[in-house]
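Colleague: Dropping a structure here in structure tokens format, bear with me for questions.
None of the figures in this text is laboratory data; all of them are computed from the coordinates on show. Here the structure is a predicted model, which is why all the values come from computation and not from measurement. Cβ atoms come from the backbone with ideal geometry, glycine included; neighbour counts cover every protein chain shown.
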DNA sequence: CTAAAAATAGGTCAATTGTCCTAGAGTGAC
DNA sequence: GTCACTCTAGGACAATTGACCTATTTTTAG
């Protein structure tokens with residue numbers, strides 16, 4: 001019981017530190033200090049740094065799965081669910097300004113390190129992609145569902161990237177509105193199907 | 001002369017390594033080995049690691065300025081110039097798949113490190129932004145020029161981020177086409193002005 | 001040619017890294 | 001109580017890090 005708690009504390013602290021500082025720049029000492037345990041105890045729970053990374057990725061994956069499942073159960077309207085996703089940019093604005101998107105930045109870092117867990121990290125991005133595809137399918141996007149999902153996902157990632165660079169609150173609000181608008185309009189303007197619906 | 005050459009070799013090697021491995025994961029030894037010089041010689045040219053970083057950022061900045069200036073001189077059509085910018089995603093696809101966008105990833109990393117040169121790195125992103133604003137102004141976007149510029153910039157950043165995660169060549173080609181389409185159409189679909197022009 | 005300056009080499013330094021190891025303390029079953 | 005097992009603490013390790021230093025060698029200036 002206690003051990004499970006300590007283990008979870010380590011994972012939580014590592015999750016936060018990996019997000020704020022990056023995986024490579026976070027040392028065992030950083031995590032141990034954050035949890036107030038000895039390095040020896042640390043190695044009882046995780047034998048290598050990669051093991052902690054994998055545990056953190058699994059936690060993030062499971063956290064996001066819970067989040068998406070909550071939205072699925074909360075609203076019967078796929079457009080509203082997509083809106084929840086996009087509005088993360090606003091809800092987590094402060095952290096995004098400082099540390100970027102947790103998923104995007106980890107994906108980038110591990111890809112650069114050519115780290116073995118890089119593919120694991122990509123699964124989180126894949127989770128978002130697949131969930132968005134499902135939402136757009138329910139929205140009646142048919143064969144365009146995947147393209148639209150990827151568009152929303154990449155758009156969000158881009159906004160997060162620029163948010164971190166410029167820290168422009170108005171920009172984030174404006175872009176979120178534009179994404180929601182695009183979703184609501186069936187997105188004819190992107191050159192994706194439904195040209196007849198081009199509104200305004 | 002010789003020294004200038006060595007110094008430039010160091011900057012070039014550091015530029016490449018910072019891109020491929022990240023700033024934090026690149027050591028003096030890595031760069032020295034890449035240039036085949038001793039660490040002692042290294043410290044003759046750069047007293048600290050931050051000094052190399054600043055030199056690399058200056059080089060990147062100046063490289064991008066040259067690139068943009070070339071496009072300015074090459075074509076009288078702003079839309080065509082913007083297209084050059086967007087098509088970097090295709091031209092540099094291989095490297096983007098592996099290392100992401102050089103500008104975006106450095107911006108992210110330095111922001112996370114809360115590094116003193118973070119603001120310097122952001123200047124490169126700012127260079128792109130300002131250049132794009134100018135192009136859209138010439139294109140007659142008026143007061144919307146900035147919003148459209150930021151849209152193209154964030155869109156590109158997002159595509160680069162997803163390209164790195166999924167390595168989907170078709171996705172990149174498709175998104176580039178969509179961006180060019182959006183630029184060519186005056187981008188009414190994003191909710192940015194000129195609604196009357198919304199074609200197809 | 002010669003003296004000053006620029007450039008290069010390589011050793012040394014303390015600090016930090018990830019990892020391993022052993023010695024206890026705590027806990028539960030019987 | 002005792003025994004086995006889980007958990008915790010902290011020392012030791014080699015390797016690597018950024019940084020400093022003192023000698024050489026090479027180049028340049030007069």
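Colleague: Give me the angle, in degrees from 0 to 90, between the Cα long axis of helix B:102-113 and the longest principal axis of the Cα atoms of chain B, rounded to the nearest 10.
Modeller: 60 degrees
Colleague: Continuing with this model, one more query. Rounded, prolate or oblate for chain B? Axes are the square roots of the Cα gyration tensor eigenvalues, ordered a ≥ b ≥ c, and the cut-off for rounded is a/c under 1.5.
Modeller: prolate
Colleague: Okay, moving on. Within 10 Å of each Cβ in A:103-114, how many Cβ atoms from other chains are there, averaged over the peptide?
Modeller: Per-residue shielding by partner chains comes out at 6.
Colleague: So what's the angle, to the nearest 10 degrees on a 0 to 90 scale, between helix A:145-166 and the longest Cα principal axis of chain A?
Modeller: Roughly 60 degrees between the two axes.
Colleague: Here's something else I'd like to know. Can you order the peptides A:132-140, A:165-173, A:152-160 by their average number of other Cβ atoms within 10 Å per residue, highest first?
Modeller: Ranking the peptides A:132-140, A:165-173, A:152-160 by packing returns A:152-160, A:132-140, A:165-173.
Colleague: Can I ask one more? Give me A:99, B:43 sorted ascending by neighbouring Cβ count inside 10 Å, so fewest comes first. The partial results should precede the final answer.
Modeller: Details: A:99 22, B:43 13.
Neighbour counts put them in this order, fewest first: B:43, A:99.
Colleague: Okay, next question. Mind checking the mean number of beta-carbon atoms from other chains within 10 Å of the Cβ atoms in A:15-24?
Modeller: Average per residue, whole number: 2.
Colleague: Could you compute the FRET efficiency for residue B:49 and residue A:177, with r as their C-beta to C-beta distance and R0 at 41 Å, rounded to 0.05?
Modeller: 0.45
Colleague: Another one. Can you compute the helix-only [θ] at 222 nm over the protein assembly as shown? Use -39500 (n - 2.57) per DSSP H run of at least 4 residues, normalise by all residues, nearest 500 deg cm²/dmol.
Modeller: Result for the protein assembly as shown: -25000 deg cm²/dmol, rounded to the nearest 500.
Colleague: When a/c is below 1.5 the answer is rounded, else prolate if a/b is larger than b/c, else oblate, so apply that to the stretch A:94-166 with a ≥ b ≥ c taken from the square roots of the Cα gyration tensor eigenvalues.
Modeller: oblate
Colleague: Right, here's the next one. Using only alpha carbons, build the gyration tensor for the protein assembly as shown and give me the equivalent ellipsoid semi-axes, biggest first, whole Å.
Modeller: Over the Cα atoms of the protein assembly as shown, the ellipsoid semi-axes are 35, 31, 16 Å.
Colleague: Taking only Cα atoms, what is the 0 to 90° angle, nearest 10, from helix B:49-74's long axis to the longest principal axis of chain B?
Modeller: 40 degrees
Colleague: Distances from residue A:33 to the same position in the other copies: list them in nm, one decimal, shortest first, using label points 7 Å from Cα along Cα→Cβ.
Modeller: Here residue A:33 shows inter-copy label distances of 2.9 nm.
Colleague: If I take the Cα coordinates of the stretch A:80-124 and project them onto the principal axes, what are the three extents in Å, biggest first?
Modeller: Projected onto the principal axes, the Cα atoms of the stretch A:80-124 cover 35, 24, 9 Å.
Colleague: Shifting gears a bit: Placing the label point 7 Å from Cα along the Cα-to-Cβ direction, what are the distances from residue B:49 to the equivalent spots in the other copies, shortest first, in nm to one decimal?
Modeller: Nearest to farthest, the other copies are at 1.2 nm.
Colleague: At 7 Å along Cα-to-Cβ for each site, give me the label-to-label distance between residue B:6 and residue A:62 in nm.
Modeller: So the label points at residue B:6 and residue A:62 sit 5.5 nm apart.
Colleague: Counting only other chains, and only Cβ atoms inside 10 Å, what mean value do you get across the residues of A:142-151?
Modeller: 2
Colleague: Okay, moving on. Given axes a ≥ b ≥ c from the Cα gyration tensor, I'd like to know whether the stretch B:1-41 is rounded (a/c under 1.5), prolate (a/b larger than b/c) or oblate.
Modeller: oblate
Colleague: Would you mind listing the distances between the residue B:177 label point and the same position in each other copy? Use 7 Å along Cα-to-C-beta, nm, one decimal, shortest first.
Modeller: 3.2
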